[in-house]
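The values are calculated or read from the model by the stated rules, or taken from the named source; none is laboratory data. Not measured: the values here are computed from a predicted model. Don't worry about glycine lacking a Cβ; one is built from the backbone with ideal geometry, like all the others, and counts go over all protein chains shown.
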Amino acid sequence: MQVRSRIVAVLSLGLTWLMATAMHAQNKHKPNVVIFLTDDQDTLDAHCYGSKDLYTPAIDGLAANGVRFTQAYAHTVCCPTRALLLTGRHPQRSAINNWTQGDAKDPSGKGRNMHLEEATLAEALKEADYKTALFGKWHLGAHVDHGPTKQGFDEYFGHRGGFIDNKNHHFLHGKGFHDLYEGTTEVFEKGNYFPVMMTNRALQYIDQHKDSPFFMCVAFNIPHYPQQSDKRFDERYKDLKEPRRSYAKMISTTDDCMGSILKRLEKHSIRDNTIVLFMSDNGHSEEDYAIMVDDHASGLPKGANYGANGGGGNTGKWTGRKGTFYEGGIRVPAILSWPNGLPKGAVRDQAVIGADWFPTLLDLCEVPQPRVKLDGQSLVSILKSADAPTPHNIMHWQ
């Protein structure tokens with residue numbers, strides 16, 4: 001009887017090991033997903049989109065190894081685009097009609113957050129055994145009862161509101177407030193350059209999760225103002241006139257951070273099986289701001305400028321900017337790259353919208369779509385063929 005029990009135990013243990021090994025092999029084959037979401041990068045602002053005055057080797061490399069879209073639409077400002085991307089639905093379905101709450105410590109803003117009932121891309125991939133993380137800008141409601149870790153992201157490091165000074169990590173409008181968090185815990189890293197901080201977190205995450213499928217959203221705070229670029233690009237753009245010069249330095253700073261992350265994927269030999277989506281959240285900003293109060297929370301003096309220096313984006317033949325429904329406000333650069341599964345150096349001119357990436361990424365990962373009404377449409381047919389029609393006869397914005 002004891003011998004039979006031991007045999008059953010051994011067989012059971014062996015079966016468990018085989019199932020675990022099979023599951024590990026299956027998971028290892030699943031593609032990773034990385035989203036680069038830039039902030040206020042305009043329609044043509046990459047070298048591969050025709051802006052030959054810009055140095056953007058990482059973005060250009062994605063285009064060379066993927067599918068570049070020439071008529072991709074986001075929204076006019078940050079928050080609705082993020083809702084489009086992460087839910088695959090029109091943002092008004094989740095109450096994200098405009099900007100959301102900024103200060104996590106402000107209880108009066110509890111109602112101005114994306115509905116927790118919304119199914120996010122992180123939640124869908126987590127259900128399929130993906131590890132999930134978001135580094136950078138959330139901006140879908142800052143209250144601690146909401147936010148990334150409440151909607152599918154295992155890890156989060158960044159700012160919960162709209163933008164921050166990259167060196168003192170304060171939101172600068174009005175009287176200002178500190179906005180840097182690890183999950184829902186406020187952290188203080190004054191003096192450290194935020195784009196590098198969030199990039200380093202992304203690099204560490206890749207190191208930790210290289211052997212299992214992961215979804216990582218890298219939502220940059222740049223080229224959004226304040227225009228605090230990496231000084232390494234000062235010499236490259238010294239002959240450009242303002243406002244293009246300061247904006248160009250921010251674009252290259254953003255691209256450089258992307259390049260570091262892509263190189264880390266290559267170092268671990270997982271780039272070929274990683275789906276990388278790059279897009280911007282809206283057109284370039286022409287906003288100009290200065291500190292208007294004494295004793296600002298950031299410590300910056302009254303009168304200190306922190307705006308976009310009047311603009312600097314390239315919309316080509318189109319008009320518009322951030323905050324408008326013209327092409328220059330909502331038409332953005334977008335590239336999807338997956339060396340193992342998609343064409344390389346391809347261009348698609350079909351009209352697509354930010355909500356389309358949700359069902360597209362799930363289809364590419366062979367993950368079931370959530371049982372909710374999606375407004376986005378899978379672009380797999382377009383990715384396979386330049387002759388496939390756009391899934392949208394009419395597009396809607398509010």
### Query
Does any residue of region 124-131 turn out to be modelled with pLDDT of 95 or more and under 24 Å from residue 280 (Cβ atoms)?
yes
### Query
Hey, does region 233-251 have a residue that's basic (Lys, Arg), over 18 Å from the mean Cα position of the chain (by Cα) and under 21 Å from residue 85 (Cα atoms)?
no
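Table: residues versus (1) in a helix (DSSP H, G or I); (2) in contact (Cβ under 8 Å) with a residue 60 or more places away in the chain.
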residue: 103; (1), (2): no, yes
residue: 116; (1), (2): no, no
residue: 119; (1), (2): no, yes
residue: 123; (1), (2): yes, yes
residue: 162; (1), (2): no, yes
residue: 165; (1), (2): no, yes
### Task
Might you check whether a residue that is among the charged types (D, E, K, R), within 27 Å of residue 55 (Cα to Cα) and not in a loop (DSSP other than H, G, I, E, B) occurs anywhere in region 168-187?
no
### Task
Hey, could you check region 77-102 for residues that are farther than 25 Å from residue 180 by Cα and in contact with a Gly (Cβ under 8 Å, 6 or more places away or on another chain) and say which is surrounded by the fewest Cβ atoms within 10 Å (Cβ to Cβ)?
89
### Message
Give all pairs with beta carbons closer than 6 Å in which a residue from region 277-300 that is among the aliphatic types (A, V, I, L, M) meets a residue that is not in a loop (DSSP other than H, G, I, E, B); count only pairs at least 6 apart in sequence or on separate chains.
### Response
277/35; 277/336; 277/357; 279/332; 279/334; 290/305; 297/170; 297/177
## Note on the structure
Condition set part of a helix (DSSP H, G or I) and of a type in the set (Phe, Trp, Tyr), scope region 14-51, selection modelled with the highest pLDDT: answer is 49
## Note on the structure
For residue 62, the lone unmet condition from (1) in a loop (DSSP other than H, G, I, E, B); (2) within 30 Å of residue 240 (Cβ to Cβ); (3) touching a strand residue (DSSP E or B) at 6+ places or on another chain (Cβ under 7 Å) is (1)
### Message
Going through 256, 272, 295 one at a time, which residue ends up being at pLDDT 95 or above, acidic (Asp, Glu) and either assigned to a strand (DSSP E or B) or surrounded by 20 or more Cβ atoms within 10 Å (Cβ to Cβ) (or both)?
### Response
256
### Query
Does at least one position in region 224-243 carry a residue that is touching a Gly at 6+ places or on another chain (Cβ under 8 Å), in contact (Cβ under 8 Å) with a residue 40 or more places away in the chain and surrounded by fewer than 20 Cβ atoms within 10 Å (Cβ to Cβ)?
yes
### Query
Any idea which residue in region 175-209 is nearest to the chain's Cα centre (by Cα), counting only those that are among the polar types (S, T, N, Q) and within 27 Å of residue 33 (Cα to Cα)?
199
### Query
With respect to residue 246, is the statement that it is touching a Lys or Arg at 6+ places or on another chain (Cβ under 8 Å) and either not assigned by TED's automatic domain parsing to the domain that holds residue 339 or not in a loop (DSSP other than H, G, I, E, B) (or both) true?
no
### Summary
In the set 141, 158, 136, 111, the lone residue that is assigned to a loop (DSSP other than H, G, I, E, B) and under 18 Å from the mean Cα position of the chain (by Cα) is 141
